[in-house]
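Input: a single structure, listed below in structure tokens.
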Amino acid sequence: MSVINAVTCPICGCLCDDIEVTVVNNEVVKVKNGCAVCEAKYMGYKSEHRIRQPLVRKEGKLVPVSMDEAIHKAAEILANANYPVLYGWSSTNCEAQRVGVELAEEVGGVLDNTAVVCHGPSLMGTQEVGIPTSTLGQIRHRADLIIYWGCDPWSAHPRHLERYTTFTEGRFEDSEWKSYINKVKAVAGKKKLLSAQRVEPHKKPHETVAESLIFNKPPETLQKEGRKLIVVDVRKSMTAEMADYFIQVQPGKDYELMQAIRALIKDEELDVEQVAGVPVDYLREVVDALISCKFGVIFFGMGLTQSAGKFRNIEVAISLIRDLNSRTKFLIMPMRGHFNVSGANIVSAWQTGYAFGVDFSLGYPRYNPGETTSMDVLLRGESDATLVIAADPGATFPKKAIQHMVKHPLIVIDPHLNATAMLGDVVIPSAFVGIEVSGTAYRMDNVPLPLKKVVEPPEGILTDEEILKKILEEVRIIKSKRDEKTEAP
Amino acid sequence: MTEILIKNGFVFDPLNKINGEKMDIAIKNGKIVESVNEQKAKKIDAAGLTVMPGGVDIHTHIAGGEVNTGRMIRPEDHVKDVVSKTSITRSGTGYSIPSTFVTGYRYAKMGYTTVMNPSMAPLGAKHTHEELNDIPLLDKATFPLLGDWWFVLEHLQRGDLEGCARHVAWMLETTKGYAIKIVNPGGLESWGFGRNVHSIDDTVPNFDITPRDIMCGLAKVNKMLNLPHSIHLHTNNLGIPGNYVTTLETMKALENVPTDGRPTCHITHLQFSSFAGDNWGNMKSAAEEISKYINNHNHITFDMGQIVFTDTTTMTADGPFEFTLYQLSGHKWVNTDVETETSGGIIPMHYKRTSAVNALQWSIGLELALLVEDPWKVFMTTDHPNAGPFFAYPKIMAWLISKKARMATLAKCHKKAQKRSLLPSVKRELSLYELAIVTRAGQAKALGLKNKGHLGVGADADIAIYDINPEKIDVAKKYKTARKAFGNAAYTIKDGKIVVKDGEVVQHTDGKTMWLDVKTAEQLKVDEEMKLKFKKYWTVEYENYPVYDHYVKVPEIISVKASV
Amino acid sequence: MMMQQKLRVTLITGRTIEQGVGKEYGKSSPEYYEACSMVYMDAEDMKKLGIKTGAHVLVRTPQGSVVLRAVKYPRSATPGLIYIPYGPWANVVVDDSTTSIGMPTFKGTPAEVEAAPDQPVLSIEELLKKEFGR
Amino acid sequence: MIVLTPLKKFQFPIHAECINPDVFQGKSVEEIASLQVWEGNRQKKLGDIFKIEATTHETPNITINGDVSEVRRIGQGMKNGEIVINGDAGMHTGEKMAGGKITINGNAGGWTGSSMKKGLIEIHGNASDYLASPYRGSTEGMRGGKIVVDGNVGSDSGSHLRGGLIKIKGSAGPFLGFHMSDGTIHVEKNAASRLGANMTGGKIVVSGSVDELMPTFTIDSIKPKVKIDDTETAQGPFYVFLGDLAEKGNGKLFISKANNAQLGPIYEKYL
């Protein structure tokens, strides 16, 4: 038995690196410090849904083949493609991502990562107005006003509050854990929230009558010393339950709400009485809280990037932060999803200048979301082959995009038989990054962290990096043979 | 390994006092040797060509989080400058912040072989090294930002110089760094809460310490650790009219640091710290005052931070300064504060001849370089990409060697700047020998790089050959010819390999990354102490913080024995 | 209250912790199926359709239709809003329009919901077969 | 002059910025046929993918007959001459155009007329997103010239507009005139949400209805009519709004009073 400390959890953008993993006979048997998803990953990685050998679709069925055959088939598809898409990259390490850029360049394809369906709009917003941000520790030490906008860390980044924000001890700000407990106690009558948190919400009996949408006035606690927590969302999330103030914004109206706040910060008068369902009088109090804090931060998620306005929502959120900095210190940060989607953006940017949606078809990197992004290429039906690695567009892309994807050869590299693999033509199993493979990943604040290998992969299973290198090598062989042929006559 | 013999070139090797002599240079196993077997060696006919050591850049932001964020936010900057894949080279994009491969190629094309990445947040050090690995054809090193690191502030606050030194040594090793970088000392910690310091004697909020304490303390620490380079300083009040007073005070404050005769401080991108006047309207050059001081003292070296008229991107750890630029320009603004360590910011910037301020800045950089008499104190940089992209160096070389070139540019500048510029009265034109000092020899010397910047036996075979015949052309008159030659090296040789021929990359090679292993007493004690304290300071685990060996593809470890 | 056959709603898809846990067990795991083949609805809206938690509903958009288990949203009123966890079920019905930025409208697709007591909720394999023929 | 006919239906993107009167000028059909284009990741000659014929007609300089919705950058940067496209045109048609005329007898792809400086683009179908808008990260919007669209336009059109006129005879998608600082946009039918968001100057005239007005515009007056350009005046009455207040902007929205009765109760009390 061995106990391995300071393991970096390969799931979400929090990249918690304090996980303790116990290994017996090359198998993880216990995980400490992690959240529910973390435990599921370390327990689930060895499940029966794992792919054990390479598969190729023959006569409509995926049948086992040798690794060499699968690699050759994949390389042949890519080398011959006129406009291939190479998508995914977010649940693997930077080492594999580096090879990925080279492969995409070699085959003249569209290289895109999962940012396109999560924080691609955030990167685009940043390209319009920049981004005043920091590392998470800066927030831990200094922030006295924390806002989660369009995101629910309790569900998607379960340890975010505990490690980086409201419930952590900083040099200049204390944890709000105790006062939160007191608040929970005060909300007597209802079942203990804390224990309720451990129960799956839809299974738990719930007696609260649906609250009306009539807006609650901002509480006086917004002006208190110490850390304050505000949540803005279209529905009351678990995170919102913990907040000092919850603003229920009308769906798709975040843009108007933020723009109105910007105008109020600049002491402009609004003609309207409410914005996005929120009375302007209440907004004024929110604005007071924003400008009177010592150090504020907005964390935002898919609630902004995927709803009407998309990247403009991010642009306005960042503009709001820019405005606030003439009054106090205020920062903003996207809640990055996949554990290394930041890394995919970073590696792509240092090698090409662009973070996602990079089109190599003209021999040099080109970038224009809407034109060179995988989603649009698929929806317009332009591509003629797809490689998917370390992502599952079969489960995350809209139907029409998948319909085009399966019309042409589809190569899938993944440890699990995920939805895309079920649809694939060539399926190559890979080792679990962060469990069976070491490497580097970037946290949501772009802090690089080492991933650990805690167990050996099953025999014969290669890493993403190894598989990609083999495909790249094979592609070059196929291309040089082809060039010889065309030159011969 | 192939042997190479470079025959009959005009050699400019200032560290060995060789000034344009026609001679041969022999290379074997990546080093310069006394001689090689003429029969076996590959011969390069350098007759009529200028041979210099490979260029050395003491200050260029080419890798790491800040640089890469700069890339990410500027698609409109890349789209106008694209680089296609070839059978030898990777594709990429250029303009103000080129992608990593393109960075390597463009430096090599100018005959540069060694560059210093001067700004690295320790927490992001792995990132910096990952990018450095992807910059081909160059040797590299990187400087951790230490001036506002809480451990430095706390130790100096207590007056514990030795403790400070040991922790700095720990950090240099942990981040695989090369020198102590200080940016707006005290200002970055203040910026954590949105404030700044405005003189070297302001107190840093929450820490009872001043910028003066930090600079002098770290300069002393630098000596205690016997580091090859001095402290590398970006001054307080950078980029603000009237800041030359702060710069003079800074240099004076550092006079008190004991010295063994070597400089105690390198002031980087001095142009940005040499503004007189008290607002943007009446801003003037303080190059005269600053250069006078430097001419009379020997503890300072500096690099220019020369403005080039183009659309570029400013990026610095000086978060509060970037905020000032944001307030002035309203342009896209990035701020990146790093827990317990530093801050940072990015603003795109278009320097225009027609702007009085920009044109004056352009003049100030050149004035400083020309008014400081000793070329060993002056190094050519643009503080890439802050004052312009590095591939504009040939232009700056032309301005340095040719009054005609300077006056041609000045004539196109804003009238106010023309009137305020000191350049019309400056006759000096650097010789090729002096140019070799300010672009390689002096930089290598200031960095303490023993095998760089010269062509003596034992030096790294990093060589630039330019198509300039000093016997035939007067570069001061034919500055355009010289400019073209400096931008397209006839040959660039890296570690004994020909990597560029006639301005084209012809071979790939990974450069090395140099880092310091500083041996102090009680190293284990510092480790233990850091391990205990770590969680209180950072949000990552102690054992996940260091840059482990595998992060450096081709390392060159330089061991230093500290006196503490 | 008037019973209604169909409700016009806004469809939002998104993360739930159960979906996060389920995906780590594998896309064909029962955990993932349980977590993703469901739709959160407003309590009052469910009354209007005359359904209770666990009932099957059909969600229809111009892009397609899918049968899901309805679950009452426990924490706040969300009239006119339905929430399907990310996954293949949700993606049958989301609006794929990207407004030329690469991102489909995962949040904010206009949809209709009706009770579908007799229609089965498909497994992931059945769903993929139905939609993509594989 | 030259007539181009696609030899097939294109699946892969075609990059053909060579389809430009300035480039064709003085070239023979053979020379034109050998101009370089990209089809997906393969380099081709223009003659590989188009039938190329010369006619005796003086104008237009270039006629394209057929669906070129996958052909990008037609007329990019053109300064002179005329292109007529009888079919749908691809992205970036007339991007950075500095003169001449492009007629599209069909729909136009995204970024048509992106950052154009001068000239005329007539689109007789619909235009996609980012009509006249600049490239990512850039604020160099359209500076001059005129774009006329018979149908509807997509989202984010006319963003960062600095001059010129965009005339939309149908309806406009969201974020029309985003961050515009000068110039005019006229929508004859309806405008979607976030109209004029972040605008600092210029004017947007909506003769139909608006989905919703940004809360950061303030009512200024009611005007009977408004000038579109030297040849045209739009008849009102119009509510005139100023904004965007979030940018302390001085942009003007002219919104038809008759077609937007919902605005009366909210705003007229301030007049």
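Since every read-out is calculated from the coordinates, none of them should be taken as a lab result. Treat the numbers as computed from the prediction; the structure is a model and nothing was measured. We place every Cβ from the backbone using ideal geometry, glycine too, and count neighbours over all the protein chains shown.
Cα-based values for the range D:127-255, radius of gyration first and Dmax second, are 12.8, 38 Å.
If you take the Cα atoms of chain A, find Rg, then find the Kirkwood Rh from the mean of 1/r over all pairs, what is Rg/Rh? Spell out each step's value before the answer.
Values: Rg = 24.2 Å, Rh = 24.1 Å.
With Rh from the inverse mean 1/r over Cα pairs, Rg/Rh is 1.01.
Positive end of the dipole of the range D:2-270 (Cβ unit charges, origin at the Cα centre): among D:His124, D:Ser193, D:Thr216, the Cα lying farthest that way belongs to D:Thr216.
The lysine pair count for the range A:370-489, using Cα distances under 18 Å and pairs eight or more places apart or on different chains, is 4. Computed from phi, the 3J(HN,Hα) profile of the range B:403-410 under the Karplus parametrisation 6.51, -1.76, 1.60 (θ = phi - 60°) reads 5, 4, 5, 5, 5, 4, 6, 4 Hz, with x in place of Gly and Pro. Value of Rg to Rh for the protein assembly as shown, rounded to two decimals, is 0.96; Kirkwood radius and Rg both from alpha-carbon coordinates. Evaluating 6.51 cos²θ - 1.76 cosθ + 1.60 at θ = phi - 60° for every residue in the range B:216-221, the Karplus couplings come out as 5, x, 6, 5, 5, 4 Hz, glycine and proline recorded as x. Entry note, the range D:2-270: relative contact order of 9 percent, from Cα contacts under 8 Å with a spacing of 6+ residues.
Work out the length of the dipole vector of chain B about its Cα centre, built from +1 on the beta-carbon of each Lys and Arg and -1 on the beta-carbon of each Asp and Glu, and round it to the nearest 20 debye.
Values: 66 positive and 63 negative charges, 443 e Å.
For this selection, approximately 2120 debye.
The amide H of A:Ile131, built 1.01 Å from its N in the peptide plane, has B:Trp333, B:Val334, B:Asn335 as neighbours under 5 Å, considering only residues 5 or more places off or on other chains. The calculated P(r) of the range D:2-270, using every Cα pair and 10 Å bins from 0, goes 8, 31, 30, 17, 10, 4, 0 in percent. Taking amide H as placed 1.01 Å from N in the peptide plane, the amide H of A:Val388 sits under 5 Å from that of A:Tyr87, A:Ile411, A:Val412, A:Ile413, each at least 5 places away or on another chain.
With only alpha-carbon atoms in the gyration tensor, what are the semi-axes of the equivalent ellipsoid for the range B:147-227, in Å, largest first? Provide the component values of the computation, followed by the final result.
Details: eigenvalues 89, 33, 23 Å².
Over the Cα atoms of the range B:147-227, the semi-axes work out to 21, 13, 11 Å.
Normalised by the number of residues in the range B:333-488, what is the relative contact order in percent for Cα pairs under 8 Å and 6+ residues apart? About 24 percent, as a whole number. Rg of the Cα atoms in the range D:1-62, relative to 2.2 N^0.38 Å, amounts to 1.09. Just so you know, the Cα atoms of chain B work out to an Rg and Dmax of 22.3, 70 Å. Its Cα gyration tensor gives the range C:6-132 an equivalent ellipsoid; the semi-axes, largest first and in whole Å, are 20, 18, 15. Taking the Cα centre of the protein assembly as shown as reference, the dipole from Cβ charges on Lys and Arg (+1) and Asp and Glu (-1) amounts to some 1480 debye. For the range D:35-78, the list of GluC sites (Glu not before Pro) that fall in a loop by DSSP and count at most 10 other C-beta atoms within 10 angstrom reads D:Glu58. Taken one residue at a time, the phi angles of the range A:113-130 give Karplus couplings (6.51, -1.76, 1.60, θ = phi - 60°) of 10, 5, 3, 4, 10, 10, 10, x, x, 5, 5, 5, x, 4, 5, 7, 10, x Hz. Gly and Pro are set to x. When only Cα pairs below 8 angstrom with a gap of at least 6 residues are kept, the range C:6-132 shows a relative contact order of 36 percent.
Can you give the Kirkwood hydrodynamic radius of the range B:362-475 from its Cα pairs, in Å with one decimal? Could the numbers behind the result be given before it?
Details: mean 1/r = 0.0649 Å⁻¹.
Computed over Cα pairs of the range B:362-475, the Kirkwood hydrodynamic radius comes out at 15.4 Å.
Restrict the search to the range A:1-90; then list the GluC sites (Glu not before Pro) that DSSP places in a loop and that have at most 14 other Cβ atoms within 10 Å of their Cβ. Write out the running numbers ahead of the final one.
Values: sites: A:Glu20, A:Glu27, A:Glu39, A:Glu48, A:Glu59, A:Glu69, A:Glu76; in loops: A:Glu48, A:Glu59.
Within the range A:1-90, the qualifying GluC sites (Glu not before Pro) (loop, at most 14 other Cβ atoms within 10 Å) are A:Glu48, A:Glu59.
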